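The structure appears below as structure tokens.
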Amino acid sequence: MKHYDGIALFSGGLDSILAARLVMEQGLKVKCLHFFSPFFGHPGRLGHWEKEYGLDIDPVDVSAEFVELLKRGPAHGYGSAMNPCVDCKIVMISRARELMQEYGASFIISGEVLGQRPMSQRRDTLNAIRRDANVKDVLLRPLSAKLMDPTPMEESGLVDREKLKGFNGRGRKDQLALAEHFGITEIPTPGGGCKLTEKENTRRFWPVLSRLDAPTVNDFRLADTGRQFWMGDFWLAVGRQKYDNEIYADLLRKDDLHFKLAGFPGPIAIGRSSREWDSESVQKAAALVASYSPKAVKASEEGQRVGVRVTQNGQQSIVYITPSRESEFAEPTWEAARDELYALRKPAKKTEEQAEPGLE
Ligand code: SF4
């Protein structure tokens with residue numbers, strides 16, 4: 001039977017390290033939970049973090065919950081890119097609440113700092129997160145606790161409120177001093193790590209969410225790998241390197257179109273859509289895939305036929321094309337994604353939400 005006093009949300013960022021250590025310093029037993037999905041998290045770093053920061057960490061896969069959140073649309077809106085920070089926190093803390101019993105824990109620790117983020121760490125938003133995640137009586141924010149009403153854990157004496165902090169605002173001075181107090185020398189860089197805060201990834205992910213009927217975790221992993229092209233709601237992902245091809249092999253679904261050059265070296269590509277592919281669209285996709293094979297391009301210029309093997313549902317055919325980059329399949333842009341995302345915003349919150357850089 002596991003027994004921890006508290007479970008801590010652990011992103012790998014400095015605030016999450018300090019929040020856990022501050023509670024541990026009181027002699028309480030803390031299990032850190034590192035949430036990961038295709039968009040954030042580094043479960044491969046757990047061993048390093050445990051050693052470096054003296055923590056006990058378990059990975060928690062929240063991919064499915066997170067994709068469901070994106071599909072239904074975040075109730076509290078997006079940040080500067082495709083990051084739904086407030087709803088993300090609610091998903092993670094709700095999951096932590098479900099895990100409390102498994103870890104024998106009586107409270108949850110979160111490293112949020114009042115006023116550190118314009119959208120997701122305002123006082124009203126922190127209250128909304130606590131309310132919507134149903135953790136009113138069990139959520140402790142050790143870094144800003146002294147600026148908030150005492151929690152039941154403090155009132156009962158389980159946690160010594162006097163040893164908690166009253167950090168406020170965007171500066172990191174207090175955090176760095178506390179890190180020094182704990183002898184922490186490897187200071188994580190602020191703000192790094194969540195792909196949803198980045199333009200490059202938003203341009204890849206947004207079409208998946210807006211153009212597929214029922215996006216899955218697999219879709220977002222595919223969007224994160226190789227070159228991305230869209231023609232309406234036909235999606236073509238073209239591997240850029242050997243490593244991409246290995247990932248594609250793992251992600252390939254039976255009803256995907258699998259493109260591979262016949263007789264020439266070249267990339268692997270996956271065609272995916274919520275509707276049936278017509279032969280003209282398959283031809284256009286095959287021509288683009290072949291354009292990434294220099295040998296196929298040269299052979300075509302010398303008058304040789306170039307074929308691309310297309311496999312779907314176990315049926316294979318060869319499509320003959322002229323390799324060409326001039327295609328109706330185009331790479332999705334950040335600007336197009338941004339315009340659609342910003343159109344979803346509630347006007348009253350626009351200025352603050354645009355400034356939200358992410359919570360890591
Ligand atoms: S920046 Fe942090 S809080 Fe915001 S969506 Fe990404 S992981 Fe969630």
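The values are calculated or read from the model by the stated rules, or taken from the named source; none is laboratory data. Please read these numbers as outputs of a predicted model, since none were measured by experiment. Glycine gets a Cβ as well: all are built from the backbone with ideal geometry, and neighbour counts include every protein chain shown. Surface accessibility is based on the protein's heavy atoms, side chains included, excluding ligands, DNA and RNA. Shrake-Rupley method; radii C 1.70, N 1.55, O 1.52, S 1.80 Å.
Numbers at a glance
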{"quantity": "Among (1) surrounded by 17 or more Cβ atoms within 10 Å (Cβ to Cβ); (2) without any contact (Cβ under 8 Å) to a residue 40 or more places away in the chain; (3) on the phi > 0 side of the Ramachandran plot - the single one residue 232 does not satisfy", "calculated": "(1)"}
{"quantity": "Candidate set from segment 131-150 (those that are basic (Lys, Arg) and without any contact (Cβ under 8 Å) to a residue 12 or more places away in the chain); member that is nearest to the ligand (Cβ to nearest atom)", "calculated": "131"}
{"quantity": "Condition met for residue 119 (touching a strand residue (DSSP E or B) at 6+ places or on another chain (Cβ under 6 Å) and either in contact (Cβ under 8 Å) with a residue 12 or more places away in the chain or part of a loop (DSSP other than H, G, I, E, B) (or both))", "calculated": "no"}
{"quantity": "Breaking point among (1) closer than 20 Å to residue 106 by Cα; (2) part of a helix (DSSP H, G or I); (3) open to solvent by less than 20 Å² (accessible area, probe 1.4 Å), for residue 135", "calculated": "(2)"}
{"quantity": "Residues of segment 171-198 that turn out to be touching a Lys or Arg at 6+ places or on another chain (Cβ under 8 Å) and within 16 Å of the ligand (Cβ to nearest atom), as a count", "calculated": "1"}
{"quantity": "Some residue of segment 191-207 being surrounded by fewer than 19 Cβ atoms within 10 Å (Cβ to Cβ), in contact with a strand residue (DSSP E or B) (Cβ under 6 Å, 6 or more places away or on another chain) and at negative phi", "calculated": "no"}
{"quantity": "Any chance residue 205 is more than 25 Å from residue 273 (Cβ to Cβ) and aromatic (Phe, Trp, Tyr)", "calculated": "no"}
{"quantity": "Unmet requirement for residue 259, which otherwise passes all of (1) surrounded by 17 or more Cβ atoms within 10 Å (Cβ to Cβ); (2) assigned to a helix (DSSP H, G or I); (3) more than 16 Å from the ligand (Cβ to nearest atom)", "calculated": "(2)"}
{"quantity": "Among (1) in contact with a helix residue (DSSP H, G or I) (Cβ under 8 Å, 6 or more places away or on another chain); (2) in the same structural domain as residue 261 (by TED's automatic domain parsing); (3) within 24 Å of residue 44 (Cα to Cα); (4) open to solvent by 30 Å² or more (accessible area, probe 1.4 Å), the one test that residue 243 misses", "calculated": "(1)"}
{"quantity": "Residue count for segment 51-81, restricted to those that are away from the ligand (no atom under 12 Å from the Cβ) and assigned to a loop (DSSP other than H, G, I, E, B)", "calculated": "5"}
{"quantity": "Residue within segment 97-106 that is within 12 Å of the ligand (Cβ to nearest atom) and either part of a loop (DSSP other than H, G, I, E, B) or open to solvent by less than 10 Å² (accessible area, probe 1.4 Å) (or both) present", "calculated": "no"}
{"quantity": "Failed item in (1) touching a strand residue (DSSP E or B) at 6+ places or on another chain (Cβ under 7 Å); (2) closer than 21 Å to residue 339 by Cα, with residue 299 passing the rest", "calculated": "(2)"}
{"quantity": "Qualifying residue in segment 6-23 (condition: basic (Lys, Arg) and either without any contact (Cβ under 8 Å) to a residue 60 or more places away in the chain or within 16 Å of the ligand (Cβ to nearest atom) (or both))", "calculated": "no"}
